[in-house]
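Here the structure comes first, spelled out in structure tokens, and everything after it is commentary.
The values are calculated or read from the model by the stated rules, or taken from the named source; none is laboratory data. Note that the coordinates shown come from a computational prediction; the quantities given were computed from them, not determined experimentally. Neighbour counts run over all protein chains shown; Cβ positions are idealised from the backbone, glycine included. Protein only, heavy atoms only, side chains kept; ligands, DNA and RNA dropped before computing areas. Shrake-Rupley method; radii C 1.70, N 1.55, O 1.52, S 1.80 Å.
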Amino acid sequence: MSQLFDPLPLPKRIFNAALSAIAFSLAALALVPLFAMLWSIFTKGMPHLTGDVFTQLPAPAGMKDIVNGFANAVIGTLLMVAIGSGISLPLGILTAIFLSEFGKKTAFAEVMRFLISILSAAPSIVVGVFAYGVIVLPLKGFSAFAGGFALSIIMLPIVSLATEEALKLVPNSQRLASAALGAGLARTTSRVVLARAFPSILTTALLAIARAAGETAPLIFTALFSQNWLESVMGPSASLSVLIFNYANSPFIEQNNLAWAAAVILVGMVLFTNLLSRFVIRKRLQAW
Amino acid sequence: MGNFSEQSYRSNRQSFTDTGNVQDLLSHWSDRGFQGLTFVAALITAAVPFWMSALIFQQAQPAIAKFGLSFLWTQDWNVDQNIFGALPYIYGTLVSSAIALVIALPIGVAVAIITSEDVFPSWLQSPIAVVVELIAAIPSVIVGLWGRFILIPALAPLQEFLFGHFKWLPIFNTQPFGPSMLMAGIVLAIMILPTIAAISREVLRAISQDLRNGAFALGSTQWETIWHITLPAAASGIFGGASLALGRALGETMAVTMVIGNVTGIDVSLLSPGNTIPALLANQFSEATDPVHIGALMYLALVLFLVTLTVNALAVVMVRFLTRHA
């Protein structure tokens, strides 16, 4: 009986204890950054998040005690994300339909998938350089449109690949049932396949939008920045992300504070979308 | 069921030639049009990488013509005299990413073990995984903001300690003043941690339970099984994940440029500021007007694109190959 409960030999015990300790402390360390970031953003940003920030223009650098805001940056971000979505959502969803419904396992579709995954791996700054070459150089000017175009290139591979995954999850029996009732390909795909995959496509779109809203690198030399209200889609535009970058590097404390306030909005939006897609929409999908 | 589309096509075509029915004709052509539309969309999407590389290559021509390949190993970057060499930026990009990988790999694998093996209660596993994965959702510029105002001051004692006690090592022999290559590496490590943790977790979960049971049956403890059996079996998959993470680190821009100091030059000391290709692009592009300057920046973007593509393509091939054989 005593033998059954013999303790492990000492080296084994040390080995186990040491590996446990290392793994747990490293994993604990991994939890620090997210909470540390959220805590600083919240404590440093909330006090400066007044109603003014949504209605006022940024105050000139170095001016104290006057109303300060970034309403133009909110508008700029919304506009450029809208342009990006307007290009990338239709194009990406149609691409996904081709890959999942028509291309399937053919070598041609595999090559396309590989190219799209290459696009998703392109550094966002390179996407910015591309948009600069495509729009800013020929038109000789920074513009909100160039920024929106850059964001669409960022979103395109995300939308295409994730939508394809969503479409592939639709059971083939549903396509066959639709075909058996006399529906053609276009009708089957739009009324049955897309409708069934709609919640996951919506999730994908939201995640891509959240990602685009936080992107900075593709915007700094396409949309540039502006202290004023947006005048035209073909003119430079402020955005929340570039505002954070510029104002974080500013020597003026008011501008630093405004950067933290903008960070609250951006992070709040991004985390909200992520958690929403993770819990709410996924649960609904399972319930189907 | 794979050729459902062809079948339904054939039947559609059949019916409209048989009866000449207008509705069938319409349905046939709308199906054709729909398929063609999706095909064109997919072609456009797949063509973007070619368009991108061709355009950047073409715009880089002024610099490629002037400096050729020697651009890659010369060190001067002088905007006034139009002399450009990329070596300090290539060096900074590689070194900061290497630091990030060295830090993030053990931590990421530890998170993967804790969240996939039975060493931890399962109800705690997915919250931990979610907390780590959510880091990836934080916009890069906000990580940079946090790095600049919170992390650098918080880690100032660490940099001072390294300088104070290890300055006989060339990598720690400069007086730290805040932004540095080391800080860039640490910030990058935080940003690639989710990639490494998530992929390692998938790989560990894909490993057959039989392997573990065999080790247990031979008297291995939980950690012996992980260390001697599971991790070696997962090593190549984890390596693939690390390569994907490396690809991310090489191209990361905003967070790096906010903590690296943006000083041109090669200094072996990790405590001195540096610069990377993405950081330089972010800082100079909007002000560049001379075609040779723009060309040199485009050349840098091309180099960065090619390097990240190679690293990513290798990683994708590796991960695909391994999951197929797991």
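Within the stretch A:48-62, the set of residues being buried (at least 17 other Cβ atoms within 10 Å of the Cβ) and in a loop (DSSP other than H, G, I, E, B) comprises A:LEU49, A:LEU57, A:PRO58, A:ALA59.
Could you check B:MET318 against (1) in contact with a Phe, Trp or Tyr (Cβ under 9 Å, 6 or more places away or on another chain); (2) facing chain A (nearest Cβ under 10 Å) and say which number it fails? That leaves (2) as the condition not met.
When the residues of the stretch A:104-157 are filtered to those that are of a type in the set (S, T, N, Q) and part of a helix (DSSP H, G or I), the one that is most open to solvent (accessible area, probe 1.4 Å) is A:SER120. Residue check: B:ILE199 meets all listed conditions (1) open to solvent by 20 Å² or more (accessible area, probe 1.4 Å); (2) at pLDDT 90 or above; (3) within 13 Å of chain A (Cβ to nearest Cβ); (4) within 29 Å of A:MET269 (Cβ to Cβ) but one, namely (3). Return yes or no: is B:ALA65 part of a helix (DSSP H, G or I) and either under 24 Å from the mean Cα position of the chain (by Cα) or within 14 Å of another protein chain (Cβ to nearest Cβ) (or both)? Spelling it out, it is not the case that B:ALA65 is part of a helix (DSSP H, G or I) and either under 24 Å from the mean Cα position of the chain (by Cα) or within 14 Å of another protein chain (Cβ to nearest Cβ) (or both). Applying the criterion of being over 30 Å from B:ARG201 (Cβ atoms) and crowded, with 19+ Cβ neighbours inside 10 Å to the residues of the stretch A:14-47, the residue that is nearest to the chain's Cα centre (by Cα) is A:GLY45. For the stretch A:162-214, which residues satisfy the criterion of being under 30 Å from A:ALA73 (Cβ atoms), at the interface with chain B (Cβ under 10 Å from one of its Cβ atoms) and open to solvent by 50 Å² or more (accessible area, probe 1.4 Å)? Residues satisfying the conditions are A:LEU207, A:ARG211. Could you check, for the stretch A:225-236, whether at least one of its residues is in a helix (DSSP H, G or I) and either without any contact (Cβ under 8 Å) to a residue 60 or more places away in the chain or surrounded by fewer than 16 Cβ atoms within 10 Å (Cβ to Cβ) (or both)? Within the stretch A:225-236, not a single residue is in a helix (DSSP H, G or I) and either without any contact (Cβ under 8 Å) to a residue 60 or more places away in the chain or surrounded by fewer than 16 Cβ atoms within 10 Å (Cβ to Cβ) (or both). Report yes if some residue within the stretch B:126-144 is touching a Pro at 6+ places or on another chain (Cβ under 6 Å), in a helix (DSSP H, G or I) and facing chain A (nearest Cβ under 7 Å); otherwise report no. The answer is yes; a qualifying residue exists. The set of residues in the stretch A:72-88 that are open to solvent by 20 Å² or more (accessible area, probe 1.4 Å) and among the small types (Gly, Ala, Ser) comprises A:ALA82, A:GLY86.
Yes or no, residue by residue, for (1) in a helix (DSSP H, G or I); (2) facing chain A (nearest Cβ under 10 Å); (3) over 14 Å from the mean Cα position of the chain (by Cα); (4) β-branched (Val, Ile, Thr):
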position: B:SER236; (1), (2), (3), (4): yes, no, yes, no
position: B:PHE239; (1), (2), (3), (4): yes, no, no, no
position: B:GLY247; (1), (2), (3), (4): yes, yes, no, no
position: B:MET258; (1), (2), (3), (4): yes, yes, yes, no
position: B:GLY265; (1), (2), (3), (4): no, no, yes, no
position: B:SER269; (1), (2), (3), (4): no, no, yes, no
position: B:SER272; (1), (2), (3), (4): no, no, yes, no
position: B:ALA301; (1), (2), (3), (4): yes, yes, yes, no
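Only one entry of B:GLY265, B:GLY219, B:GLY247, B:GLY214 meets the criterion of being in the same structural domain as B:VAL109 (by TED's automatic domain parsing) and open to solvent by less than 10 Å² (accessible area, probe 1.4 Å), and that entry is B:GLY247.
Against the test of being under 24 Å from the mean Cα position of the chain (by Cα), open to solvent by 30 Å² or more (accessible area, probe 1.4 Å) and at pLDDT below 95, the options B:LEU101, B:LEU134, B:LEU105, B:LEU72 yield a single qualifying residue, B:LEU72.
Of all residues in the stretch A:237-256, those being assigned to a helix (DSSP H, G or I), among the aromatic types (Phe, Trp, Tyr) and either touching a strand residue (DSSP E or B) at 6+ places or on another chain (Cβ under 6 Å) or more than 16 Å from A:LEU49 (Cβ to Cβ) (or both) number 1.
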